[in-house]
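Presented below is the structure to which this report refers.
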Amino acid sequence: MNPAARAVRRETSLGLTRAVHRSRALSRAGVSERLFTLAFSGLVYPQIWEDPEVDMEALALGPEDHVVAIASGSCNVLSYLTADPARISAVDLNGAHIALGRLKLAALARLPDHAAYLRFFGRADTPANVTAYDAAIAPHLDAASRAYWEARRLDGRRRIAAFSENIFRHGLLGRFIGTGHRLARLYGCDLSAVLGARDRAEQRSLFTAHVAPLFEKALVRWLIRRPASLYGLGIPPAQYTALARDRPGGMVDVLRHRLERLACDFDIGDNYFAWQAFGRGYAPGPDAALPPYLQARHFERLRERAGRVGYRQQSMTAFLVASPDASADAYVLLDAQDWMSDADLTALWTQITRTARPGARVIFRTAADERCLPGRVPEAILGAWDYAEAESRAAVARDRSAIYGGFHLYRLRAA
């Protein structure tokens, strides 16, 4: 491993340790936290699992806005560019996610057209993508990201080869979904059958026949009740505990309910999240549902605006500490606050409040259907913000990813 790749890995490990570790190393909770950190240290999300259309509606981005967002797989960061904000600062503790975001930006500038970009990041399953990387992208990629994608895997191939093998089958989440499909086949269930539905009624019928029965199997129920088995969903131990309390039947009931929403509450043809879960990729064909950043109608504008996005491997709080007063308009926290202690939340919201411009908005999600801030962030800080409860409730109902219990929108109160 070259020095640049080692530095990325070291920063990832240190950042995750600070974010996740709360307990003594040899305690039961401490072992769980460290296992999660190990699992989370590589690529986790080839695709982000928050609906960017819901985000953009809540944020109401304008041409002068500076957005500060946790990067994750960067689908949403690049999709926000379709709303034409002035600037996006993307931060993430995970160096693999930073490398993925920078790869997408470099490809926007260097690939010849939308067809090549969609082939690379939407289909991601042909050797032509690796050829395009070597010829057009790699010479213009920053050293750390290039070192990441050209590092060797255990099979001897470079990491960039994942884009010739369906990148959505890679990463922690991709492997988790693949394991779910294999487990379903052992019980005679075909999760992909849902994708053949012609209407909502048939979606529910196919869910009942091919997905719901898995939650009655003793082995599946046993696995779901083990927090470590859900690390592939990016659920750390503290978040698992909150999520398990969200429904009377515990985590088994929670996962069944969320998958039912994903399979049944939105038209399959319009829901690329369902295609990822049940088909392990995006739908084929020219009319396939895709994230905004992969849609042909946005490609040229995104190429023109790509220079507005900057990436930093650090926490949201650390980035804001180094930012000037009144310097940001929109904050996207994903579900990171589910990981945080009261002290961490207070530090984060202190910096959000200091750096927020008049009219600033904050959005985030929670695994459970709960508000995670009241009683944990001092009222002297939280009192500067208005919680848009009705809009938040409506937004979570529209979120096609269907995996979160809560969506939350805060607006800075007028002085």
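None of the figures in this text is laboratory data; all of them are computed from the coordinates on show. Treat the numbers as computed from the prediction; the structure is a model and nothing was measured. Here Cβ is always computed from backbone atoms with ideal geometry, including for glycine, and neighbour counts include all displayed protein chains.
So what is the relative contact order for the chain, in percent, with contacts set as C-alpha pairs under 8 Å and at least six apart?
Normalised by residue count, the contact order of the chain is 21 percent.
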| How high is the relative contact order of segment 125-226, in percent, counting Cα pairs under 8 Å that sit 6 or more residues apart? | 20
| query | R0 = 25 Å: FRET efficiency of Ala414 with Ala394, Cβ-based, nearest 0.05? | reply | 0.60
| Summed side-chain charge close to Asp125 - residues other than Asp125 whose Cβ falls under 15 Å, Lys, Arg +1, Asp, Glu -1 | +4
| So for the pair Asp134, Arg152, with labels modelled 7 Å out along Cα→Cβ, what separation do we get in nm? | 1.6
| With the chain treated as a Gaussian network of Cα nodes joined by springs under 10 Å, which of Asp190, Asp51, Asp287 yields the largest mean-square fluctuation? | Asp287
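If you count the DSSP beta bridges with both ends in the chain, what percent of them are antiparallel, to the nearest 5? Provide the component values of the computation, followed by the final result.
Working: 10 of 26 bridges.
The antiparallel proportion sits near 40 percent.
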| query | On full extension of the chain, what length is gained from Asp113 through Arg182, given 0.36 nm per residue of separation minus the C-alpha to C-alpha distance? | reply | 21.2 nm
| note | Here D for the chain, in µm²/s, from Stokes-Einstein with a Kirkwood Rh over Cα pairs at 37 °C and 0.692 mPa s, works out to 150
| field | Net charge, Arg303 excluded, C-beta distance under 11 Å - Lys, Arg +1, Asp, Glu -1 | value | 0
| request: Count the net charge of all other residues whose Cβ sits under 9 Å from the Cβ of Asp329, scoring Lys and Arg as +1 and Asp and Glu as -1. | output: 0
| note | By the Cα gyration tensor axes a ≥ b ≥ c (a/c under 1.5 gives rounded; else a/b larger than b/c gives prolate, otherwise oblate), the shape of segment 109-190 is prolate
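Using the Cα gyration tensor of segment 337-415, with a ≥ b ≥ c the square roots of its eigenvalues, what is the shape: rounded (a/c below 1.5), prolate (a/b larger than b/c) or oblate (neither)? Intermediate results must be reported in sequence, preceding the final value.
Details: a/c = 2.15, a/b = 1.36, b/c = 1.58.
Verdict is oblate for segment 337-415.
Rank-order 249-258, 319-328, 69-78 by packing density, defined as the average count of other C-beta atoms within 10 Å over each peptide's residues, highest first.
Values: 249-258: 18.3, 319-328: 15.4, 69-78: 26.2.
Taking the mean over residues of other Cβ atoms within 10 Å, the ranking is 69-78, 249-258, 319-328.
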| Length gained when the stretch Asn166-Arg354 is fully extended (0.36 nm per residue, less Cα-Cα span) | 63.4 nm
| query | What FRET efficiency comes out for the pair Thr208/Tyr387, r = Cβ-Cβ distance, R0 = 30 Å, nearest 0.05? | reply | 0.20
